[in-house]
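The block underneath contains the structure these notes are about, expressed in structure tokens.
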Amino acid sequence: MHEVRKKIILIGSVGVGKTSLIRRFVHQEFTDEYHSTIGVRVDKKTITLDDTKVHLMIWDLAGEILQNKAYQAYLKGSSGIIGIFDVTRPASYQLINESLQNVKGSQELLSIMVGNKIDLLDETTDIHGYDCEYFTSAKTGENVEEMFNLIAQKLVKKDEKFKRI
């Protein structure tokens, strides 16, 4: 079995649920208590995709880091970036969309955008205006595994494509 290590960074505004998504993915748990991340927190999880064992180093950046663009300093050595926004706060979508566009312009990082907190929506809320790969809920676990698996799959495919060149 082939093994790879990947550093993934989660960015997003304060309170969009970055830490909760990581906690759901890594530890299969959720808490309603809110504790703002201070600085950076790193978690690890290994997943298996086909014949590849992927060791994920998941960096959780404090939301304040996004606002002053200090997150760019943490991108060094990263394989991918997940931009998180809160589907109940459209301004968080605008901020993460702009941030990911800046990253794409300056770095060749694989990135995906994810709308979190779909458990808070009612039937009348239209989320079709958001351009993102997944809508998730850290609370219920909906699409959390799929989101992390998606970026891991894309990173492994990118490596395979690079090896063939």
Among the candidates 7, 45, which residue alone is touching a Ser or Thr at 6+ places or on another chain (Cβ under 6 Å), within 15 Å of residue 153 (Cα to Cα) and not acidic (Asp, Glu)? 7
Selection over region 97-127 where residues are closer than 20 Å to residue 11 by Cα and touching a Ser or Thr at 6+ places or on another chain (Cβ under 9 Å) yields a count of 11
When you look at residue 41, is it of a type outside the set (Phe, Trp, Tyr) and within 13 Å of the chain's Cα centre (by Cα), yes or no? no
Hey, residue 124 closer than 24 Å to residue 159 by Cβ, of a type in the set (Val, Ile, Thr), open to solvent by 40 Å² or more (accessible area, probe 1.4 Å) and not in a helix (DSSP H, G or I) or not: no
Test residue 65 against the criterion of being at pLDDT 90 or above and hydrophobic (A, V, I, L, M, F, W, C), and give yes or no. no
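Every residue, every condition in (1) in contact with a Lys or Arg (Cβ under 7 Å, 6 or more places away or on another chain); (2) among the basic types (Lys, Arg); (3) at negative phi, yes or no:
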residue	(1), (2), (3)
18	no, yes, yes
48	no, no, yes
80	yes, no, yes
88	yes, no, yes
Where a residue in region 1-20 is in contact (Cβ under 8 Å) with a residue 12 or more places away in the chain and more than 17 Å from residue 112 (Cα to Cα) and its partner, wherever it lies, is open to solvent by less than 20 Å² (accessible area, probe 1.4 Å) and aliphatic (A, V, I, L, M), with Cβ under 6 Å and at least six apart: 4/54; 20/138
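Residue-wise test of (1) β-branched (Val, Ile, Thr); (2) within 18 Å of residue 26 (Cβ to Cβ); (3) at pLDDT below 95; (4) within 11 Å of the chain's Cα centre (by Cα).
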position	(1), (2), (3), (4)
88	yes, no, yes, no
113	no, no, no, yes
117	no, no, no, no
125	yes, no, yes, no
137	no, yes, no, no
Might you check whether a residue that is in contact with a Ser or Thr (Cβ under 9 Å, 6 or more places away or on another chain), closer than 17 Å to residue 7 by Cα and not in a helix (DSSP H, G or I) occurs anywhere in region 128-148? no
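The values are calculated or read from the model by the stated rules, or taken from the named source; none is laboratory data. Remember, predicted model here, so these are calculated numbers, not experimental data. Glycine gets a Cβ as well: all are built from the backbone with ideal geometry, and neighbour counts include every protein chain shown. For the accessible areas, the whole protein counts, side chains as well, though only heavy atoms, and no ligand, DNA or RNA atoms are used. Shrake-Rupley method; radii C 1.70, N 1.55, O 1.52, S 1.80 Å.
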